[in-house]
Amino acid sequence: MSRSGIPRNWNAPGRFSPGWSRIVLWCIALAALITFVPRMHAQENASINGQVTDSSGAVVPNAQVTLTDNATGQKRTAVTNDVGAYRFASLNHGTYTLEIKAQGFQTFTRTGIVLNVAQTLGEDAQLIVGSASQTVTVQANALQVQTETSEVSTLISGQQIERLSTNGRNVTQLAAMGMGVSSQLPEFGGVDALTSANGISFNGTRSTHNIYLIDGAEQNDRGCGGCFMNLPSQDAIAEFQTLDSNYSPDYGIGSGGTITMVLKSGTNKFHGEVYEFNRNTAYNANDYFVKRSGKQRPVFQLNEPGGNIGGPLYKDKTFFFVNEEWRRLIQGSTPSVTNTIPANNFPTAGQDFNYTLPSGGKPPLVPTTSDPAKLALYTADGLTPGAAFPQNADGTYKIPANLIDQNSVLMLNANTFPHPNLGTSQYIASIPTTDNIREDIVRIDHTFSPKYQIMGHYLHDAMNKTFFPPLWTTSYPTVGTAMANPSYTAAIKLTQTYSPSLLNETAFLYGGNKIRLTPVAGAGSSFLIPQGWTATSFFPLANNRLGRLPGVTISGTAPNNTWNPSYYPWKNGYEGFEYRDDLSYTRGRHQM
């Protein structure tokens, strides 16, 4: 097995083609594979093993074994070896029927065999002497003890996935149900992949060491420790399993838990659904501090409409499944009380500034300087360098207008530091932010013969989101961050069954995303340089491509806070390519 990848480029501007052009490219690639590669088979790492014996316990070699997928009619065949053993590797999850024929014995049939993703299932059979025209039918046990491997895992079926009430329909909450998992997930973890909560630990390992797989394609964003790139719709997932410990080495991508998901596929019967999930806090009680300041309660509106359809393109041969889902979240930013500049300490352009000393503050001092021009101004204003500014009768300190940089007046009046709306020096707000996602999922399965098949899927998440306050740099929602995060995953899986004991499987797996971060202004504010700005800095004003105001930090006195539109726009991307070739060989009782 070999693996290659392209790491994040943290500085490259890059371009990313629209989602539909990617769909077209993958459809062309899939069509080319169907046309030119006639020996292929899809797999989900599940297998059925067994041994065939007669009523005395003697092994039965050269028995003809046929395994049929009840949903699609697809068949796999094998022949028992010299110790009566058979193996079907690289199977899809589903319900199967097993049929065994051997000369001098009645036909053995076992129905209702339920095989789950990544499962190794043992199905031994005992034949009865008689005519092959006679059939013994056995119903498979609904509950079985895992005896084939030492793996510790937790399986959640597709029906359970649809019916479990996860908050926001985020599949990460399903992973928290695994054995040996400790969860630090919040009540609501978000509806997009990259910014979703992912704080789960398997058996004490780091959450950043977990691996997420969709049809075997890795979903981890290697430039964002522990993040994953695509958040598939719950209604598109056929099965979900957490591999908690002691799982097979072909999953050895990370040292934590492995969360493996399988997309639904088509069957010989058309099936589909239309759905919508929604939440709304219109009837929720208001936050105490928000109500006290006369503000509306934080908004929370979540709508997730969607639908899917699957079925045959050609019965028993070609199947399709398509899922479309939209997620729209309007959520008020968490209301928080922050210190800001007192209302009477915002200066007016062209006027003297009467500064109110904050509690515990020290009187403002006239700056010392050797600049003759400034010293002349001090003399004209009756000021002494190093001494306090003169105090007015009301206790404020008078700072003459000719000593005030009018650029700072312009900046503060752009509402960078907001005017207080709670008391005399505090600010509280909850600005509705939006999260819009459109998800496209397509899966195709095709059978050439009982031995040769192909499977391919394409998944695309288009995400646009806003943050108030902005990411990382300031506590004021007077500036925010707009985030665009298109992400993609694709898988093409092939096998060649050379003999009943030799199977070769080849796969190409892809996952990638782009991140675009851009500053946006909050309500009643601007991060852009206002008209009349004359300030100079190390870089010429002409090189300030977005025309942004500089960041300001006030420390040592109230409000002890920072306003900053940050260094965005920020552009980067990650693409991971994985090429796999797995050989499975059975000899006697041994499987390699």
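The values are calculated or read from the model by the stated rules, or taken from the named source; none is laboratory data. Since the model is a prediction, treat every value here as computed from it, not as a measurement. Cβ atoms come from the backbone with ideal geometry, glycine included; neighbour counts cover every protein chain shown. Accessible surface areas use protein heavy atoms only, side chains included; no ligands, DNA or RNA. Shrake-Rupley method; radii C 1.70, N 1.55, O 1.52, S 1.80 Å.
How do the pairs read when you match residues in the stretch 174-188 that are without any contact (Cβ under 8 Å) to a residue 60 or more places away in the chain with residues anywhere that are open to solvent by 40 Å² or more (accessible area, probe 1.4 Å) and small (Gly, Ala, Ser), using Cβ under 6 Å and keeping only pairs 6 or more apart or on different chains?
If the second residue must be open to solvent by 40 Å² or more (accessible area, probe 1.4 Å) and small (Gly, Ala, Ser), the pairs left are 176/183.
Can you name the residue in the stretch 257-297 that is at pLDDT 85 or above and open to solvent by less than 20 Å² (accessible area, probe 1.4 Å) and, of all such residues, is farthest from residue 214 (Cα to Cα)? Spell out the reasoning first.
Of the stretch 257-297, the ones at pLDDT 85 or above are 257-280.
Now restrict to residues that are open to solvent by less than 20 Å² (accessible area, probe 1.4 Å): 257-263, 266.
Numbers: 257: 14, 258: 11, 259: 9, 260: 6, 261: 5, 262: 6, 263: 7, 266: 17 Å.
The extreme case among them is 266.
Report whether or not residue 266 is touching a residue at least 40 places away in the same chain (Cβ under 8 Å), over 30 Å from residue 202 (Cβ atoms) and of a type in the set (Gly, Ala, Ser). Outline the logic, then answer.
Details: touching a residue at least 40 places away in the same chain (Cβ under 8 Å): yes; over 30 Å from residue 202 (Cβ atoms): yes; of a type in the set (Gly, Ala, Ser): yes.
Here the answer is yes, as residue 266 does meet what is asked.
Identify, please: which residue in the stretch 216-237 is among the charged types (D, E, K, R) and either closer than 22 Å to residue 582 by Cβ or buried (at least 19 other Cβ atoms within 10 Å of the Cβ) (or both) and is, among those, farthest from the chain's Cα centre (by Cα)? Lay out the reasoning, then the answer.
Start the filter on the stretch 216-237 by keeping residues that are among the charged types (D, E, K, R), which leaves 218, 221-222, 235.
In the following step, the residues that additionally are either closer than 22 Å to residue 582 by Cβ or buried (at least 19 other Cβ atoms within 10 Å of the Cβ) (or both) were identified as 218, 221, 235.
Working: 218: 12, 221: 9, 235: 16 Å.
Checked the stretch 216-237; the qualifying residue farthest from the chain's Cα centre (by Cα) is 235.
Among (1) open to solvent by less than 50 Å² (accessible area, probe 1.4 Å); (2) out of contact with any Gly (no Cβ under 6 Å at 6 or more places or on another chain); (3) closer than 30 Å to residue 78 by Cα, where does residue 444 come up short?
Looking at each condition in turn, residue 444 falls short on (2).
Restricting to the stretch 359-382, what's the tally of residues that are more than 58 Å from the chain's Cα centre (by Cα) and surrounded by 11 or more Cβ atoms within 10 Å (Cβ to Cβ)?
4
So is residue 530 closer than 23 Å to residue 473 by Cβ and either over 32 Å from the mean Cα position of the chain (by Cα) or exposed (fewer than 15 other Cβ atoms within 10 Å of the Cβ) (or both) or not? First the steps, then the outcome.
Values: closer than 23 Å to residue 473 by Cβ: yes; either over 32 Å from the mean Cα position of the chain (by Cα) or exposed (fewer than 15 other Cβ atoms within 10 Å of the Cβ) (or both): yes.
Considered against the rule, which asks whether it is closer than 23 Å to residue 473 by Cβ and either over 32 Å from the mean Cα position of the chain (by Cα) or exposed (fewer than 15 other Cβ atoms within 10 Å of the Cβ) (or both), residue 530 comes out as yes.
Suppose the filter is open to solvent by less than 10 Å² (accessible area, probe 1.4 Å), farther than 21 Å from residue 437 by Cα and in contact with a helix residue (DSSP H, G or I) (Cβ under 6 Å, 6 or more places away or on another chain); does residue 200 pass it? Spell out the reasoning first.
Working: open to solvent by less than 10 Å² (accessible area, probe 1.4 Å): yes; farther than 21 Å from residue 437 by Cα: yes; in contact with a helix residue (DSSP H, G or I) (Cβ under 6 Å, 6 or more places away or on another chain): yes.
In short, yes.
Output the strands (runs of 3 or more DSSP E) that fall wholly within the stretch 52-141 and possess 3 or more residues being surrounded by 14 or more Cβ atoms within 10 Å (Cβ to Cβ), or say none.
Working: elements: 64-69, 75-79, 85-91, 94-101, 107-115, 120-122, 125-127, 135-139.
It comes to 64-69, 75-79, 85-91, 94-101, 107-115, 120-122, 125-127.
Tell me which residues, restricted to the stretch 382-438, are closer than 30 Å to residue 306 by Cα and modelled with pLDDT of 90 or more. Let's see the steps before the verdict.
The initial filter retains those residues of the stretch 382-438 that are closer than 30 Å to residue 306 by Cα, namely 430-438.
Correct list: 435, 436, 437, 438.
Would you say residue 357 is outside any strand (DSSP E or B) and either aliphatic (A, V, I, L, M) or on the phi < 0 side of the Ramachandran plot (or both)?
Against the criterion (outside any strand (DSSP E or B) and either aliphatic (A, V, I, L, M) or on the phi < 0 side of the Ramachandran plot (or both)), residue 357 qualifies.
Of the residues that sit in the stretch 298-310 and are hydrophobic (A, V, I, L, M, F, W, C) and over 21 Å from residue 235 (Cβ atoms), which one is most open to solvent (accessible area, probe 1.4 Å)? Even if it seems obvious, please write down each step before you answer.
Applying the first criterion (hydrophobic (A, V, I, L, M, F, W, C)) to the stretch 298-310 yields 299-300, 302, 309.
Next cut, over 21 Å from residue 235 (Cβ atoms) only: 299-300.
On the way: 299: 51, 300: 23 Å².
The qualifying residue most open to solvent (accessible area, probe 1.4 Å) is 299.
Go through the stretch 238-256 and give me each residue that's more than 17 Å from residue 46 (Cβ to Cβ), touching a Ser or Thr at 6+ places or on another chain (Cβ under 7 Å), open to solvent by less than 50 Å² (accessible area, probe 1.4 Å) and not acidic (Asp, Glu).
256
Go through the stretch 311-354 and give me each residue that's open to solvent by 20 Å² or more (accessible area, probe 1.4 Å), over 30 Å from residue 464 (Cα atoms), in a strand (DSSP E or B) and not hydroxyl-bearing (Ser, Thr, Tyr).
Answer for the stretch 311-354, where residues must be open to solvent by 20 Å² or more (accessible area, probe 1.4 Å), over 30 Å from residue 464 (Cα atoms), in a strand (DSSP E or B) and not hydroxyl-bearing (Ser, Thr, Tyr): 312, 313, 339, 353, 354.
Which condition breaks for residue 424 when tested against (1) within 15 Å of residue 550 (Cβ to Cβ); (2) part of a loop (DSSP other than H, G, I, E, B); (3) β-branched (Val, Ile, Thr)?
With respect to (1) within 15 Å of residue 550 (Cβ to Cβ); (2) part of a loop (DSSP other than H, G, I, E, B); (3) β-branched (Val, Ile, Thr), residue 424 is out only on (1).
Condition check: open to solvent by 50 Å² or more (accessible area, probe 1.4 Å), under 18 Å from residue 46 (Cβ atoms) and modelled with pLDDT under 90. Does residue 147 satisfy that?
Values: open to solvent by 50 Å² or more (accessible area, probe 1.4 Å): yes; under 18 Å from residue 46 (Cβ atoms): yes; modelled with pLDDT under 90: yes.
Taking the combined requirement at face value, the residue satisfies it.
Could you name every one of the strands (runs of 3 or more DSSP E) located completely within the stretch 447-501 that has at least 3 residues being surrounded by 24 or more Cβ atoms within 10 Å (Cβ to Cβ)? Before you say what the answer is, go through the steps one by one.
Values: elements: 453-467, 479-484, 487-499.
By residue number, 453-467, 487-499.
Have a look at 191, 171 and point out the one that is modelled with pLDDT of 85 or more and crowded, with 19+ Cβ neighbours inside 10 Å.
Details: 171 fails: modelled with pLDDT of 85 or more.
Going through 191, 171 in turn, the sole match is 191.
Do we find that residue 377 is in a helix (DSSP H, G or I), over 26 Å from residue 420 (Cβ atoms) and at pLDDT 90 or above in this structure? Let's see the steps before the verdict.
Details: in a helix (DSSP H, G or I): yes; over 26 Å from residue 420 (Cβ atoms): yes; at pLDDT 90 or above: yes.
Here the answer is yes, as residue 377 does meet what is asked.
Between a first residue in the stretch 316-329 that is over 16 Å from residue 193 (Cβ atoms) and a second residue that is among the β-branched types (Val, Ile, Thr) and in a strand (DSSP E or B), which pairs have beta carbons less than 6 Å apart while being 6 or more apart in sequence or on different chains?
If the second residue must be among the β-branched types (Val, Ile, Thr) and in a strand (DSSP E or B), the pairs left are 317/447; 320/444; 322/309; 322/442.
Hey, residue 409 hits all of (1) surrounded by fewer than 19 Cβ atoms within 10 Å (Cβ to Cβ); (2) more than 33 Å from the chain's Cα centre (by Cα) but one; which does it fall short on?
(1) is the only condition that residue 409 fails.
Taking the stated definitions as given, is residue 385 surrounded by 14 or more Cβ atoms within 10 Å (Cβ to Cβ) and either assigned to a loop (DSSP other than H, G, I, E, B) or in contact with a Leu (Cβ under 8 Å, 6 or more places away or on another chain) (or both)?
Criteria not met by residue 385.
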